[in-house]
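See below for the structure under consideration.
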Amino acid sequence: MDPYSIGVDLGGTNLRVAAVDSSGKMLQRESVAACFDKGPLRVINSIVEIVERMRARGAGYELRGVGIGVPGFIDMDLGVIVGSANLPGFQGFPIRDEIQQRLGIPIILENDANAAALGEMWIGAGKNVKDLILLTLGTGIGGGIVIDGKVMHGAHGMAGEFGHMTVIPEGNPCGCGNRGCLEKHASASAIAAMGSLMHFGHEVTSEQVYELALQGNQRAKMVFESMGRALGIAIANLINIFNFPLYLISGGPLPAWDFFAPSMLAEVASRSFIFSLTGTRIEKALLGADAGLYGAAYLPFQREPAYRVPITT
Ligand SMILES: [Zn+2]
């Protein structure tokens, strides 16, 4: 019988869990309030409960494993979160082994942005390629590199930190210590900040700047042109380095594509001869907030079926 797997997304305000079959069809999904502030044990209890429930409903079918997308840096060997602004109480906690011991099935952790890139490759906009980069525009800019069908982690699990690529040498200061980071010029927060500088209001959001652009406001359109240029510089650099066939963009500002894509594509064309010479595609991601959930569910399918949980006592 067709095996299935379960994906968990710890990246949002809710804890989201989905059972997915090997063709990417979603079989079950559940979402509960995350309670991340109550500490790791409470969250682990919720995950175990939901997985057990899904497993009971899927009785008779092989559960290949559970993939968990977490918003933070992961030590892949130890299966622990080594750094996360969103999950402070999880730092150093043996989350993988704790869940693995309780469920008796393989648990695989992955950074949530990397998981989203993997999800897009599996059943989203990157379905027909094995190499792609996903840039997710949010408060910051996250993303993932999928190479030959697998997430590229780098030596310390920190590969794909696109948000901190320098796009403007003397640009806006960033919390990372650098200036002119991509996320200071092209994230949803950056769009809102530029909107505020354009006197659209102190609390203006990126969605409101988009609404103004739709109404024909020239200064709102300028915000997206500026944001598109910054994004284009970053993508041109990525194309020149990776020569991948596909670069995807996701996140809240995606509906404003028509406002930022022209300046983005012009910038890429002027800065990347590879883009101009080849059929490199820069496109919208398709799965939205579910990309990470699908990507997490895909992780167990990447493992050998014979993989068994190592017993630790
Ligand atoms: Zn930075």
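The values are calculated or read from the model by the stated rules, or taken from the named source; none is laboratory data. Everything numeric in this text was worked out from a predicted model, so none of it was measured. Heads up, the Cβs are rebuilt from the backbone with ideal geometry, glycines too, and the neighbour counts pull from every protein chain shown. The accessibility values were calculated without ligands, DNA or RNA, using every heavy atom of the protein model including side chains. Shrake-Rupley method; radii C 1.70, N 1.55, O 1.52, S 1.80 Å.
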Filter the stretch 59-73 down to the residues that are open to solvent by 10 Å² or more (accessible area, probe 1.4 Å), over 19 Å from ASP37 (Cα atoms) and touching a strand residue (DSSP E or B) at 6+ places or on another chain (Cβ under 7 Å) and list them by number. TYR61, LEU63, ARG64
Collect the residues in the stretch 239-257 that are in a helix (DSSP H, G or I) and either among the hydroxyl-bearing types (Ser, Thr, Tyr) or more than 20 Å from ALA193 (Cα to Cα) (or both), keeping them in residue-number order. ILE239, ASN240, ILE241, PHE242
Is there a residue being over 18 Å from ASP9 (Cβ atoms) and in contact with an Asp or Glu (Cβ under 8 Å, 6 or more places away or on another chain) anywhere in the stretch 95-108? no
From the options GLU283, GLU267, residue that is outside any helix (DSSP H, G or I) and either open to solvent by less than 20 Å² (accessible area, probe 1.4 Å) or within 24 Å of MET227 (Cβ to Cβ) (or both): GLU283
Scanning the stretch 177-198 for residues that are more than 16 Å from the ligand (Cβ to nearest atom), open to solvent by 40 Å² or more (accessible area, probe 1.4 Å) and free of Cβ contacts under 8 Å to residues at least 12 places away in the same chain gives LEU197
Members of the stretch 236-258 found to be of a type in the set (A, V, I, L, M, F, W, C) and closer than 22 Å to ALA289 by Cβ, listed by number: LEU246, LEU248, ILE249, LEU254, ALA256, TRP257
Residue tally, condition surrounded by 15 or more Cβ atoms within 10 Å (Cβ to Cβ) and on the phi > 0 side of the Ramachandran plot, over the stretch 8-51: 1
Those residues of the stretch 220-243 which are in contact (Cβ under 8 Å) with a residue 24 or more places away in the chain and open to solvent by 10 Å² or more (accessible area, probe 1.4 Å), in sequence order: LYS221, MET222, GLU225, SER226, ARG229, ILE233, ASN237, ASN240, PHE242, ASN243
When the stretch 144-175 is examined, which residues are found to be within 16 Å of the ligand (Cβ to nearest atom) and either more than 14 Å from the chain's Cα centre (by Cα) or over 22 Å from LEU109 (Cα atoms) (or both)? HIS164, MET165, THR166, VAL167, ILE168, PRO169, GLU170, GLY171, ASN172, PRO173, CYS174, GLY175
Within the stretch 290-299, is there a residue that is closer than 30 Å to GLY104 by Cβ, under 19 Å from the mean Cα position of the chain (by Cα) and open to solvent by 50 Å² or more (accessible area, probe 1.4 Å)? no
Could you run through the stretch 74-123 and say how many residues are polar (S, T, N, Q), surrounded by fewer than 24 Cβ atoms within 10 Å (Cβ to Cβ) and not in a helix (DSSP H, G or I)? 3
